[in-house]
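The values are calculated or read from the model by the stated rules, or taken from the named source; none is laboratory data. Bear in mind the structure is a predicted one, so any value in this text is a computation, not a measurement. Quick reminder, even Gly has a Cβ in these numbers, built from the backbone with ideal geometry, and neighbours come from all protein chains shown.
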Amino acid sequence: MKDWTAGRDKHSTHPPLLTAGDAPESASTTDPDRPIESTTDDRFRRAPLAGLIATYATNAPKDASVVFALTGPWGAGKTSVLNLIEAQLDPERVVVVRFNPWLFSGTEQLTVQFVRELATQLGQKGGNLAAVGKKIEAYGTLLEVGSAIPVIGALAKLVQGAGKVAAAHSEESILEARQRVEEALRESERRVLVFVDDIDRLDAEEVRHVFKLVRLVADFPNVSYLLSFDRLRVEAALTAGGTDGGDYIAKIVQSSFDLPPADRALIQTELTSGLDRALQGKTHGPLHEDSWPDILLSVILPLVQTPRDVRRYVNAVIPTVEIVGEEVALEDVLALEAVRVFMPREYEKLGGLSEHFTMYQLADHGRAEDTESAVRGFIEGAVRPNVAKELLVNVFPRTRSVIENMTYGAEWGRNWRRDRRVAERSVFEALYSRGIQPTDVPTFLVREVVEAFGDRERVAELLIGLDGQQLEALLQRLLDTDEALASSQYARGLTAVLDRADDLRHGRSGFLDFGADMHVGRLLLWVAKNAAPETREPAARELMQAVRSFTWRIEVLRVLSTDYDSQPRMLTPEVEAELRDALIVEILGATPARIAEEWNPGRVLSFAMYDEATETYLPEAREALEEPHLMRAVLSSTVQQSHAFGIGSAAVRVEHSIPLRPLLAMCGRDEDILRDALRAAVDAGPAEDGNKRLETALGLARDFVEGRLEMPPPKGGGEAGNEGGAASSEAKVASDTEAEGSDHREAPPPDGPATEEEE
């Protein structure tokens, strides 16, 4: 299995995301918690408010201690405004001291740490403020001792500082020390403005302590405070203590400034320009202009409320885009990242609901009820129901059958897969699991195969390392490329693909699995349908000569010589007969060992040795099956698995079978000959390690030989390949292809969905 986690190609170009203009580079676009520090970075126009607060703080009464408040929700830019205020203050008149109580734990430490910070920072300002700082330091020492005396755990510290404590107490009391501080501050020519930030991050008791601190303990003349907090959070914390939070704040704060919500147009500009810068040079999926504006306006912007939200979101998008690359449409990545960042519970729910949001539901009443319940439950249980609804409508359009009475048919899955929209489940899983599944193939490989489809050697080189599951995924994704494969040299690319088709799995994995070989037929038909008519016969001849496998050459003939509702046969009967006869001659001349190498040797035998005129097999068929190695290959490739449910039970019973009746027909309808051939195959030895299909088939053959398994009743005749393997897919490929061109009642037209009433 090829690993796609390394060596990703870097092809994508990044289109602008509806930006109104280029925004200047700023560290704030790469760090979600870094505030701006100057007016040159003021993209949200906070400078006027900062200037107003700076004026009020400068002109406050000299002997008074005024408490201002700057309020706004988390992430609104309060710390940035504090920086802008300081930038607009005259340092000769006002000095700023910063204190962040969130850095200290416990109410006992808050007072001591505040006084210590005040002393330290004032001591660094020079002039007479340095002397003020020393007096505050002495005051803080006494406060520290006072707070430590009642604490038993601090006895050792007290013993160590006994000399210092005794000296301090002998010279002055706490009251005297405070008076010295007040006198020094009155004599200072500069005011002190203390910024107290992040109050809303404290618990309720610590919040109350900060307010008491600035009102009582540190109520110094010529010192003002600017408290920065989220009013709703702080009021709630204060109210939790048994008091009315709003009244409590009103008693402490003399002047309050509310930070207004950021202008929505500025938020959008900052968001889109930030995304443009972040995505520049990165590989990502396509951005569809018909869906991006609705997703931006209805899903993303309602969740991005503050400048911090912008930075959080942009930073979250970057690693996701780097991991997912070009596997998912960019608008879907951006939409789901917004949900992941701002509605995390709803994002987690999406993983369990993806079957209802991304899988086409069959016309089953029970499943329809489940889907309706899932859609309505997701919306009604969301923290932002309107956003949840818009997410489903714009990103998961299949849910619109519940929300808007608008249906999308199964053929839309192919369109969404081609466009890399998460409405198709494999694309959703690539995003939700942060990378393509090990069984899938990356978009860049699909693109390179398409670009090289006229070069057999290059396509073969690109397929090196793919296992059967990845090859099957590639066949499916090549169908998403419309007419891109139908070049004049398409037979060369098909030859390289068919040379690897023997690696595809056998059998089916469930009710809706038609087998991996079906994708071979669909790819052949898809390419031929979109190719110029004059190229089909030369391409068929080239394929019949270049492809080694008998199985896949038979498939080429079947696809190109079948009549479909939407497409007449692509080879004339004369050309088809010529190519068929030549292939039959080649098969009849092959050894049993050569036929045993085939992906479906039973189909090969049926094709070459069935006489349609007499409806019997040639004697060569019986002779071939008497070769144990070939019989084992036929059994391994045609063993079938079926699922059965018991009435009233959810348990699934898995049953296996081998095509006994077609094998009987190949043995001249002589059951004894068939038993002898099967016995020889069983006696040839056990299945090779890991060959579960052959092991199962030999067990069933043994049961038949020993009488424990009966010959099933006739089903209207058939070939050995018709009860399993590639031949059984012939009718299925035809019917599936016809369905693609038919007008299914529930399918909207390709250019847009239709309401049920219009249908």
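Of the residues contained in segment 395-406, one or more are found to be touching a strand residue (DSSP E or B) at 6+ places or on another chain (Cβ under 7 Å) and at positive phi.
Considering only residues in segment 128-137 that are surrounded by fewer than 18 Cβ atoms within 10 Å (Cβ to Cβ) and in contact (Cβ under 8 Å) with a residue 24 or more places away in the chain, the one that is nearest to N222 (Cα to Cα) turns out to be N128. Taken together, the criteria exclude E534 from residues that are in a helix (DSSP H, G or I), modelled with pLDDT of 90 or more, surrounded by fewer than 17 Cβ atoms within 10 Å (Cβ to Cβ) and not hydrophobic (A, V, I, L, M, F, W, C).
Listed conditions (1) part of a helix (DSSP H, G or I); (2) surrounded by fewer than 20 Cβ atoms within 10 Å (Cβ to Cβ); (3) aliphatic (A, V, I, L, M) are all met by A430, apart from (2). Among the residues of segment 201-223, what is the count of those that are under 42 Å from the mean Cα position of the chain (by Cα) and hydrophobic (A, V, I, L, M, F, W, C)? Counting residues in segment 201-223 that are under 42 Å from the mean Cα position of the chain (by Cα) and hydrophobic (A, V, I, L, M, F, W, C) gives 3. Please go through segment 338-352 and give me each residue that is more than 16 Å from N394 (Cβ to Cβ) and either crowded, with 22+ Cβ neighbours inside 10 Å or at pLDDT below 90 (or both), ordered by number. Selection gives G351, G352. Filtered by the rule that a residue be closer than 13 Å to L431 by Cβ, of a type in the set (A, V, I, L, M, F, W, C) and surrounded by 19 or more Cβ atoms within 10 Å (Cβ to Cβ), segment 298-337 gives V317, V321, V324, V328, A329, L330, V333, L334, A335, L336. Would you confirm whether any residue within segment 272-288 is farther than 30 Å from L227 by Cβ, without any contact (Cβ under 8 Å) to a residue 60 or more places away in the chain and of a type outside the set (S, T, N, Q)? No. When restricted to residues that are among the polar types (S, T, N, Q), closer than 20 Å to R201 by Cα and modelled with pLDDT of 90 or more, segment 213-258 contains 2.
Applying the condition of being touching a helix residue (DSSP H, G or I) at 6+ places or on another chain (Cβ under 7 Å) and acidic (D, E) to segment 204-228 and asking which residue is surrounded by the fewest Cβ atoms within 10 Å (Cβ to Cβ) yields E205.
The listed residues are L103, L84, and the only one of them that is surrounded by 21 or more Cβ atoms within 10 Å (Cβ to Cβ) and under 19 Å from D197 (Cβ atoms) turns out to be L84. When the test is whether a residue is surrounded by fewer than 20 Cβ atoms within 10 Å (Cβ to Cβ), within 44 Å of the chain's Cα centre (by Cα) and closer than 25 Å to N83 by Cβ, D198 passes it. If you take the residues of segment 617-642 that are of a type in the set (S, T, N, Q) and under 20 Å from W599 (Cβ atoms), which of them is modelled with the lowest pLDDT? Residue satisfying both the conditions and the ranking: Q641. Note on segment 429-486: among residues that are modelled with pLDDT under 85 and of a type in the set (D, E), the one that is farthest from the chain's Cα centre (by Cα) is E483. Take the residues in segment 539-566 that are surrounded by fewer than 18 Cβ atoms within 10 Å (Cβ to Cβ), modelled with pLDDT under 90 and not hydroxyl-bearing (S, T, Y), then tell me which one is farthest from A491 (Cα to Cα). For segment 539-566, the residue satisfying everything is D565.
What is the residue count in segment 204-224 for residues that are in contact (Cβ under 8 Å) with a residue 60 or more places away in the chain and within 22 Å of L175 (Cα to Cα)?
Adding up the residues that qualify gives 13.
If you take the residues in segment 567-577 that are at pLDDT 90 or above and surrounded by 14 or more Cβ atoms within 10 Å (Cβ to Cβ), which one is farthest from A596 (Cα to Cα)? Top of the filtered list is V575. What are the residues in segment 239-263 that are out of contact with any helix residue (DSSP H, G or I) (no Cβ under 7 Å at 6 or more places or on another chain) and surrounded by fewer than 18 Cβ atoms within 10 Å (Cβ to Cβ), if any? Residues satisfying the conditions are G242, T243, D244, D247, A250, K251, Q254, S256, D258, P260, P261, D263. Scanning segment 585-602 for residues that are within 17 Å of R622 (Cβ to Cβ) and within 50 Å of the chain's Cα centre (by Cα) yields a count of 6. With a requirement of 3 or more residues that are farther than 22 Å from L82 by Cα and either assigned by TED's automatic domain parsing to the domain that holds L334 or not aliphatic (A, V, I, L, M) (or both), the helices (runs of 4 or more DSSP H) lying completely within segment 219-304 that satisfy it span 245-252, 264-279, 292-295.
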